[in-house]
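To start, the structure under review is shown below, and the notes come after it.
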Amino acid sequence: MEFVNTTKQTALVTGANKGIGFETARQLAQQGFTVWLGSRDEARGEAAAKELDGDVRVVRLDVTDTESITAAAARIGEETGALDVLVNNAGVAIEEGEGLPSTVRLDTIQRTFDVNFYGALRVTQAFLPLVRQAPAGRIVNVSSTMGSVTALTSPGSPLAEIPAFAYTASKTVLNALSGLLAVELRDTPVKVNSVCPGYNATDINNNSGTQHPSEGAKVVVRAATLPADGPSGTFFDVNGPVGW
């Protein structure tokens, strides 16, 4: 099989038609990547791509739909042959039924995990062969300090007061994926890390965040472009390491 692109670095960002994913796509394109903008709604993805400069391509990708993931992986594989960067950014925070561990609705946990954890796992498993074809693949899982058990159980932590067990637990398990996949791939050039982009003004928090998504995207891009001596199996934010 002949591939169209064998030298330019490529990246896939899920949930990239808005928010942190959109800004991550923008910054990677500015660095010269061919960026695949993953979007559940292809029309919204196309509209977002028109706002970006560089080689940005839209691919329909619903992280809860195995068929769409398989089709996206086949298309990207055919067009580029490898994937240098995979950013698992797509995520949800469901208000209905959310709460403390003793009161949260089980269906809320299931719906949240379907996107935030299972979605990332589905995408990672589908695209890992392409990431391994790259000279130095990078996988970035966009997590949250709310998923840090260390932070949650620290005395006086304000995070412990947030009644959002479903969201929090989904990010904790996502962090486990980062750590254990990094262990699985430790004898390869692939690096896997979780990042917390901070409290950004996005739809997930009704735009109540204190910083613009472009700031959060900088942390994601840092993990996506780590040098050969960079870390793997870590969790960090703009200030440095975050406890698991």
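Bear in mind that the values in this text are calculations on the coordinates, not laboratory data. What you see is a predicted model, and the numbers here were worked out from it, not measured in a lab. For neighbour counting, all protein chains shown are included, and Cβ atoms are generated from backbone atoms with ideal geometry for every residue, glycine included.
Between THR234 and SER194, the built amide H atoms are under 5 Å apart, and every one of these is 5 or more places off in sequence or on another chain. Each Lys and Arg Cβ is given +1 and each Asp and Glu Cβ -1; about its Cα centre, the chain then shows a dipole of about 380 debye. Checking the Cα-Cα distances for LYS8/LYS218; LYS8/LYS191; LYS18/LYS50; LYS50/LYS171 against a 24 Å cut-off, the pairs over it are LYS50/LYS171.
You can think of it this way: the chain between GLN31 and VAL238 has 72.6 nm of extra reach, that is 0.36 nm per residue less the Cα-Cα gap. Normalising the average separation of contacting C-alpha pairs (under 8 angstrom, six or more residues apart) by the number of residues puts the relative contact order of the chain at 19 percent. Between the Cα long axis of helix 165-184 and the first principal axis of the chain there is an angle of about 50°, rounded to the nearest 10.
Note on GLU79/ARG186: beta-carbon distance plugged into 1/(1 + (r/R0)^6) with R0 of 41 Å gives a FRET efficiency of 0.85.
Helix 66-80 and the long axis of the chain differ in direction by around 40°, with both axes built from C-alpha atoms. When shorter helices are ignored and each DSSP H run of at least 4 residues is given -39500 (n - 2.57), the per-residue value for the chain at 222 nm works out to -12500 deg cm²/dmol. For ILE162, the shell of other residues with beta-carbons less than 14 Å away shows a net charge of -2, using +1 for Lys and Arg and -1 for Asp and Glu.
What angle, in degrees between 0 and 90 and rounded to the nearest 10, separates the Cα long axis of helix 106-116 from the longest principal axis of the Cα atoms of the chain? That works out to roughly 30 degrees. Placing a label point 7 Å from the Cα of GLU95 along the Cα-to-Cβ line, the residues of segment 177-206 whose backbone N sits under 18 Å from it are 200-206.
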